[in-house]
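Remarks on the structure that follows.
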Amino acid sequence: MQPLHGKRVLLVVSGGIAAYKAVEILRRIQRQGAEVRVAMTKSATRFVGPLTFEALSRSPVHSSLFTDNGSGEVVHVSLASWPDLILVAPATANIIAKMANGLSDDLVSCTLLASRAPVVVAPAMETQMYHHPALQKNLLFLRERGVLIIEPEAGELASGDVGIGRLAEPEKIVETICLAVSSSQEFSGKRIVVTAGRTEEDIDPVRFITNRSTGKMGYAVAERATKRGAEVVLVSGPSQLDIPTCTEYVPVRTVSEMHKATAAAFESADALVMTAAVLDFRPDSVSQTKIKKSDSGLALTLVPNHDFLVDLGAEKENRLVVGFAMETENGIPNARKKLADKHLDLIVLNDLTVEGAGFGVDTNVVSFVEASGDPVNLPRMSKTDVADRILDRLAVFWSRDNRSDGH
């Protein structure tokens, strides 16, 4: 069967010399069974005429925000809602910058901003441009938002120089989007609950205790699980992050609120990924009025919060539960104890002493600890990539269950 059979792919062509390769990319996508439409930047039309793409795609090529027929159609909105996947090839430094910074001053950039379809980007440019820190920062941001980047290749460039920056070969690009489309439905029919962010416990009407969690890891898991076809419920403590695309977003603040919301969502779920930094302690009493400043200081008595993940793990039956452990010493032994005590299928261990791991950064360094086998130590990678690795483990668990059921 053709991997893209019945799929709709919007091919976005931006203005680089590699635009001529987009013609072959279009044909290869069609051979895989997809319907293809084309959007072009004004600069791209100077390299390849729109008529070429219109003839091959058998559809009008879009390059202008405005229609000439007086229909009043909002072109970028209708175009954004059409595809199952958007491929930007070639992607210039300019369109990458617009995508990363939310700029929308033409048909292509408005469409990319308005669409919720998965996006694949294939950069092509001169080596110096590709290595520029601003370009690399933009690519990193797009990766963290779940955009799939097909790295350019080394070779002879338009300037005659030799170096990295050539558009990846059309065959490789099409193979990649075939995988992207198939993986986008991998978790279809699965319901995953993700907890994220910090929790807060009041001292008085003004003050509270909390921790350093920003929610980045959990938001990445929710975003990637949604893109892989899952129904995702995100239970989030306070966070400054934009709410990611998901099925349901449940804001909470205290541990008891997170417990209630997570337990309710877990009743109908297939898996729980518990990335939230749940406070271990709370004040034993909360003052109803602001505590006045005193020269004698302020002493707080903290009592332990109930670890509700223990209850959910014990009651999970055939559902999967993933926990997180943040440690500064004896990481693996502590993680193994938590794995057993909380009846987890997988625990993701963060060592906060390792550079690039922990709260508030865009990367993470983790180890996967399961009941059997040695820990799997992952190198430093973006939290989006860590999220995909976690979801890969869920896929393995579910495939094992299917085999044991004789499916």
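The values are calculated or read from the model by the stated rules, or taken from the named source; none is laboratory data. Note that the structure is a prediction, hence the values are computed from the model and not measured. Cβ atoms come from the backbone with ideal geometry, glycine included; neighbour counts cover every protein chain shown.
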Every residue in region 115-128 that is over 20 Å from A80 (Cβ atoms) and buried (at least 16 other Cβ atoms within 10 Å of the Cβ), please.
P123, A124, M125, E126, T127
Being among the hydrophobic types (A, V, I, L, M, F, W, C) and under 18 Å from N211 (Cβ atoms) is the filter; apply it to region 272-285 and report the residue that is surrounded by the most Cβ atoms within 10 Å (Cβ to Cβ).
M274
Kindly indicate the residue of region 46-96 that is modelled with pLDDT of 90 or more and of a type in the set (F, W, Y) and also farthest from Q30 (Cα to Cα) among those meeting that condition.
F47
Quick check, is V147 within 16 Å of the chain's Cα centre (by Cα), closer than 26 Å to S115 by Cβ and surrounded by 19 or more Cβ atoms within 10 Å (Cβ to Cβ)?
yes
In region 296-348, which residues are assigned to a loop (DSSP other than H, G, I, E, B), acidic (D, E) and closer than 24 Å to L391 by Cβ?
E315, E317, D345
Of all residues in region 154-189 being assigned to a loop (DSSP other than H, G, I, E, B), more than 27 Å from H132 (Cα to Cα) and of a type in the set (S, T, N, Q), the one that is modelled with the lowest pLDDT:
S184
Hey, does region 350-363 have a residue that's farther than 23 Å from I192 by Cβ and among the acidic types (D, E)?
yes
Using the structure shown, decide if V23 is surrounded by 14 or more Cβ atoms within 10 Å (Cβ to Cβ) and over 23 Å from C178 (Cα atoms).
no
State yes or no: is D385 surrounded by fewer than 17 Cβ atoms within 10 Å (Cβ to Cβ) and touching a Lys or Arg at 6+ places or on another chain (Cβ under 8 Å)?
no
Hey, any hits in region 355-366 for a residue that's at pLDDT 95 or above and within 18 Å of T214 (Cβ to Cβ)?
no
Taking V361 as meeting all but one of (1) closer than 25 Å to S239 by Cβ; (2) crowded, with 19+ Cβ neighbours inside 10 Å; (3) not polar (S, T, N, Q), write down the number of the exception.
(2)
Inside region 16-52, the number of residues satisfying the requirement of being in contact with a strand residue (DSSP E or B) (Cβ under 8 Å, 6 or more places away or on another chain) and not hydrophobic (A, V, I, L, M, F, W, C) is 7
Go over the candidates A117, A122 one by one and state the one that is outside any loop (DSSP other than H, G, I, E, B) and among the small types (G, A, S).
A122
Selection from region 190-229 of residues out of contact with any Pro (no Cβ under 7 Å at 6 or more places or on another chain), under 26 Å from K260 (Cβ atoms) and assigned to a loop (DSSP other than H, G, I, E, B) yields K190, T199, D204, P205, V206, R207, T210, N211, R212, S213, T214, G215
Region 30-57, residues that are in contact with a Pro (Cβ under 9 Å, 6 or more places away or on another chain) and assigned to a helix (DSSP H, G or I):
A44, P50, E54
